[in-house]
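S.K.: Sharing a structure here in structure tokens format.
The values are calculated or read from the model by the stated rules, or taken from the named source; none is laboratory data. Owing to the predicted nature of the structure, the values given are computational and were not obtained by experimental measurement. Here the Cβ positions follow ideal geometry from the backbone for every residue, glycine too, while neighbour counts run over all protein chains shown. Areas reflect the complete protein model, heavy atoms only, side chains present, ligands, DNA and RNA absent. Shrake-Rupley method; radii C 1.70, N 1.55, O 1.52, S 1.80 Å.
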Amino acid sequence: MQPAPKSDVTAALLALTGQGEHPIVVTADGDRITGTWRVDLSGQPAGDGGLTLLGGATWNWHVTLLDSGLYKASMSSRNWPEDGGFFTFSSSWVSGPMKRVLAEHGWQRRKNPFSRAWGALTGRS
């Protein structure tokens with residue numbers, strides 16, 4: 001399958017915003033696309049009946065569209081509470097829908113340097 005143009009896959013990724021059981025926000029800055037999941041932890045009930053003001057937590061999956069239908073991916077997170085403020089989260093809520101769109105458009109993840117070196121050593125490129 002021939003990879004779709006960057007503009008087509010970018011538009012399809014942006015269309016994921018607000019969709020699904022665990023909505024994410026997808027933004028684009030040139031060839032870098034970011035899917036973000038956020039939870040607001042302010043106002044969570046505390047054990048003593050008061051409120052715990054913990055702010056919010058975000059998790060981002062970044063995709064950079066390269067040439068030849070390849071992409072590289074990374075993640076970042078911010079403000080995750082060290083204690084208190086419990087919530088459920090799975091990184092696949094963000095990366096799963098984005099990976100599906102990329103695959104449906106013929107895009108493949110670029111292998112990391114270790115994988116490329118291992119493939120060269122074992123004859124699997």
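S.K.: Roughly how many nanometres apart are two label points built 7 Å out from the Cα toward the Cβ at residue 1 and residue 73?
M.R.: 1.5
S.K.: Could you tell me the accessible area of residue 22 in Å² (1.4 Å probe, neighbours in place), rounded to the nearest ten?
M.R.: Around 60 Å² of this residue is reachable by solvent.
S.K.: Read phi for every residue in the range 19-32 and hand back ³J(HN,Hα) as whole Hz from Karplus 6.51 cos²θ - 1.76 cosθ + 1.60, θ = phi - 60°, with x for Gly and Pro.
M.R.: 8, x, 5, 10, x, 10, 10, 10, 10, 10, 9, x, 8, 9
S.K.: For 1, 98, 75, what's the largest-to-smallest order of accessible area, 1.4 Å probe?
M.R.: 1, 75, 98
S.K.: Where does each of 60-69, 109-118 land if you order them by average Cβ count within 10 Å, highest first?
M.R.: In decreasing order of mean packing, 60-69, 109-118 become 60-69, 109-118.
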